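What follows is a single structure, written as structure tokens, with notes after it.
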Amino acid sequence: MNQKRLHLAIQKSGRLAERSLELVRKAGFRVNKSASDLAYSVENAPIDIWCVRDDDIPTFVANGVADLGIVGRNVLAERAAGGGDGVREIMPLGFGRCRLCIAGPERFEYRGPGSLNGLRIATTYPNLLTQFLSAAGVQAEIVTMSGAVEVAPRLKLADLICDLVSTGATLEANGLAAFETVMEGEATLVRSTRELDPDLERLLESLSSRFRGVCASQDAKYVMMNAPRSALPRIAEILPGAGAPTVLELAGRDDAVAVHAVCQESVFWETLEALKEAGASAILVLSIEKLM
Ligand code: PRT
Ligand code: ZN
């Protein structure tokens with residue numbers, strides 16, 4: 001029988017490869033490697049995973065080779081800035097964070113986009129850079145490269161570069177510094193804009209909702225404490241990213257209650273200290289395994 005299957009494209013190897021597969025696994029999909037290292041099949045759902053170059057993911061999704069993909073927003077945006085369509089972002093996934101920056105020799109004095117007039121900028125993101133420069137009304141020459149952009153100033157191929165930065169170590173090692181951000185990048189889940197078969201559409205929705213749950217539970221904590229009734233408004237203010245907390249009776253106590261809340265943002269020691277100061281006691285912070 002020819003069962004309908006959903007196709008997800010992820011990066012074969014590189015910065016997003018491992019985390020993409022980990023996300024699929026955390027979402028409860030059991031992944032088996034197929035004979036080739038180009039694909040995985042999911043054992044407990046009709047899903048196949050293609051492992052490809054990240055640059056090919058938006059095109060594969062747009063032309064129907066894959067229905068979904070995990071790719072850097074920068075790659076998606078570069079394609080869109082060049083007029084490519086057929087793909088849209090479903091949600092950011094919270095890993096692979098970086099910035100597409102304009103950088104140059106440390107001594108370069110940057111006083112806003114006007115400083116870029118008449119200069120040569122090397123990049124692997126010509127469309128995004130063109131968009132940025134024209135929005136800023138700047139006339140600069142773009143030198144398109146396919147990699148190792150950070151060496152361009154030393155080789156006198158360009159005055160400046162426009163490249164992805166995460167830790168900044170590569171720039172520093174090359175005597176360069178970033179002074180302008182063109183866009184923020186991170187891994188995102190994308191889908192084709194075509195209409196899918198209704199069964200596959202349902203499966204896609206279930207997969208995205210599980211991914212959303214995994215991402216949300218990453219920082220989320222379940223916080224429990226006892227507190228004077230009078231402190232409730234202050235405590236609700238302190239709890240990071242929580243909706244209305246659950247308030248429960250404490251046996252034999254009229255003045256105090258138990259407060260439970262799911263905090264969607266990180267709970268730091270400072271948060272606990274602030275809760276204690278507001279009158280809370282017996283504060284417990286628990287990890288959340290799944291959240292929907
Ligand atoms: O082989 P394939 O084409 O699939 O991979 P690739 O080499 O094109 O991509 P890869 O694996 O380098 O990056 C995949 C995605 O990870 C990118 O599209 C971004 O969305 C995201 N990402 C996050 C980054 C970085 N951080 C990053 N630092 N991609 C690239 N870099 C490079 C950057 O270009 C520079 O050379 O790392 C260097 C700078 O890093 P720092 O830490 O020294 O600042
Ligand atoms: Zn690539």
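With each label point set 7 Å from Cα along the Cα-Cβ vector, what nm distance links Leu38 and Glu141?
Inter-label distance under the simple model: 4.1 nm.
Output ³J(HN,Hα) for the stretch 245-258: one whole-Hz value per residue in order, computed from phi by the Karplus curve 6.51 cos²θ - 1.76 cosθ + 1.60 with θ = phi - 60°, and x for Gly and Pro.
Couplings: x, 7, 10, 10, 5, 10, 4, x, 10, 8, 8, 10, 9, 9 Hz.
State to the nearest 20 debye the size of the charge dipole of the stretch 143-292 about its Cα centre, where the only charges are +1 on K and R beta carbons and -1 on D and E beta carbons.
The dipole of the stretch 143-292 has a size of about 220 debye.
Report, in listed order, any pair from Lys4/Lys221; Lys26/Lys221; Lys12/Lys221; Lys12/Lys156 with a Cα-Cα distance greater than 28 Å.
Lys4/Lys221; Lys12/Lys221; Lys12/Lys156
Provide the per-residue ³J(HN,Hα) series for the stretch 42-59, in order, calculated from phi with Karplus coefficients 6.51, -1.76, 1.60 and θ = phi - 60°, each as a whole number of Hz, with x at glycine and proline positions.
Those phi angles translate into 8, 6, 9, 6, x, 10, 10, 10, 9, 10, 9, 5, 4, 5, 7, 4, x, 5 Hz.
What is the antiparallel percent of DSSP beta bridges lying wholly in the stretch 1-69, to the nearest 5?
The answer is about 45 percent antiparallel.
Expressed as a whole percentage, what fraction of the accessible surface of the chain belongs to carbon and sulfur atoms when a 1.4 Å probe is rolled over the protein heavy atoms?
On the way: 7680 of 15480 Å².
Summing carbon and sulfur atoms, their accessible area is 50 percent of the total for the chain.
Show me the GluC sites (Glu not before Pro) within the stretch 2-89 that DSSP assigns to loop and that have at most 10 other Cβ atoms within 10 Å of their Cβ.
On the way: sites: Glu18, Glu22, Glu43, Glu78, Glu89; in loops: Glu43.
Within the stretch 2-89, the qualifying GluC sites (Glu not before Pro) (loop, at most 10 other Cβ atoms within 10 Å) are Glu43.
Evaluate the charge dipole of the stretch 4-69 about its Cα centre and quote only its size in Debye, nearest 20, assuming +1 on the Cβ of each Lys and Arg and -1 on the Cβ of each Asp and Glu.
On the way: 10 positive and 9 negative charges, 43 e Å.
That gives a dipole near 200 debye.
For the chain, what proportion of DSSP beta bridges, expressed in % and rounded to the nearest 5, is antiparallel?
75
Tell me, what is the percent relative contact order of the stretch 165-292, built from C-alpha pairs under 8 Å that lie six or more residues apart?
With pairs under 8 Å counted, the relative contact order is 31 percent.
How much length is gained on full extension from Arg234 to Leu248, taking 0.36 nm per residue of separation minus their Cα-Cα distance?
Gain in length upon complete extension: 3.4 nm.
Mind checking the stretch 65-167 for chymotrypsin sites (Phe, Trp or Tyr not before Pro) that DSSP puts in a loop (not H, G, I, E or B) and that have at most 16 other Cβ atoms within 10 Å?
Of the chymotrypsin sites (Phe, Trp or Tyr not before Pro), the ones in loops of the stretch 65-167 whose Cβ has at most 16 other Cβ atoms within 10 Å are Phe108, Tyr110.
How much net charge surrounds Thr193 when only the other residues with a Cβ under 9 Å from the Cβ of Thr193 are counted, with Lys and Arg +1 and Asp and Glu -1?
+1
What trypsin sites (Lys or Arg not before Pro) in the stretch 176-238 are in a loop by DSSP, with at most 14 other Cβ atoms within 10 Å of the Cβ?
Details: sites: Arg191, Arg194, Arg202, Arg210, Arg212, Lys221, Arg229, Arg234; in loops: Arg194.
Taking the stretch 176-238 and a limit of 14 other Cβ atoms within 10 Å, the loop trypsin sites (Lys or Arg not before Pro) found are Arg194.
Considering amide H positions built from the backbone, and no H for Pro or chain starts, which residues 5 or more places from Val257, or on another chain, come under 5 Å of its amide H?
So Val257 has HN proximity to Ala227, Arg229.
Per residue, how much accessible surface does the chain expose to a 1.4 Å probe? Answer in Å², no decimals.
With the other protein chains kept in place, the chain gives 53 Å² per residue.
The values are calculated or read from the model by the stated rules, or taken from the named source; none is laboratory data. Since the model is a prediction, treat every value here as computed from it, not as a measurement. Cβ atoms come from the backbone with ideal geometry, glycine included; neighbour counts cover every protein chain shown. Heads up: the accessible areas ignore ligands, DNA and RNA and are worked out on the full protein's heavy atoms, side chains in. Shrake-Rupley method; radii C 1.70, N 1.55, O 1.52, S 1.80 Å.
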